[in-house]
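Take a look at the structure set out below.
The values are calculated or read from the model by the stated rules, or taken from the named source; none is laboratory data. Note that this is a predicted model, so its numbers are computed, not measured. All Cβ positions, glycine included, derive from the backbone under ideal geometry; neighbour counts span all protein chains shown. Accessible surface is based on the protein model in full, side chains and every heavy atom, while ligands, DNA and RNA are left aside. Shrake-Rupley method; radii C 1.70, N 1.55, O 1.52, S 1.80 Å.
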Amino acid sequence: MSDFDIQIPGAFDPFAEANVDDQGAGSKEYVHVRIQQRNGRKSLTTVQGLKKEFNYNKILKDFKREFCCNGTVVDDTELGQVIQLQGDQRKNVSQFLVQAGVAKKDQIKIHGF
């Protein structure tokens, strides 16, 4: 019996190769653009998941100037900093982030409706 390697069925990890630090599809950091309904026709657009190296206030200032809307940066304990904009700005925000080079098109997830 000492000549054979005994394999215990629970010891094999089929996902061990996936846990190695590689830049596969599962390890991407996404930028999430969501819409939240307020009251009636009013809505908020939220942007989260931007890299920490970016200055959120400068991005917000450019958003406000480009889309003619108001907005703010909110600090959330779980999500970090989140940009909130007035109105449905999902498509505008995603196009702006791609054109400015902040995020690639495949890194942006648009949620809502």
Enumeration of residues in the range 88-105 that are assigned to a helix (DSSP H, G or I) and in contact (Cβ under 8 Å) with a residue 60 or more places away in the chain
V93, S94, L97
Taking the residues in the range 64-73 that are not hydroxyl-bearing (S, T, Y) and not in a loop (DSSP other than H, G, I, E, B) as candidates, determine which candidate is most open to solvent (accessible area, probe 1.4 Å).
R65
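Listed here are the residues, each with its yes/no results for (1) in a helix (DSSP H, G or I); (2) within 14 Å of the chain's Cα centre (by Cα).
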{"residue": "V33", "(1), (2)": "no, yes"}
{"residue": "R41", "(1), (2)": "no, no"}
{"residue": "K52", "(1), (2)": "no, yes"}
{"residue": "N57", "(1), (2)": "yes, no"}
{"residue": "D62", "(1), (2)": "yes, no"}
{"residue": "D75", "(1), (2)": "no, no"}
{"residue": "E78", "(1), (2)": "no, yes"}
Across (1) open to solvent by less than 90 Å² (accessible area, probe 1.4 Å); (2) touching a strand residue (DSSP E or B) at 6+ places or on another chain (Cβ under 9 Å); (3) not polar (S, T, N, Q), F113 clears everything bar (1)
The condition from (1) free of Cβ contacts under 8 Å to residues at least 12 places away in the same chain; (2) open to solvent by less than 70 Å² (accessible area, probe 1.4 Å) that L85 misses is numbered (1)
For the condition among the small types (G, A, S) and at pLDDT 95 or above, what is the one hit in G40, G112, G71?
G71
If we ask which residues in the range 60-79 are out of contact with any strand residue (DSSP E or B) (no Cβ under 7 Å at 6 or more places or on another chain) and either within 13 Å of T46 (Cα to Cα) or among the β-branched types (V, I, T) (or both), their number turns out to be 1
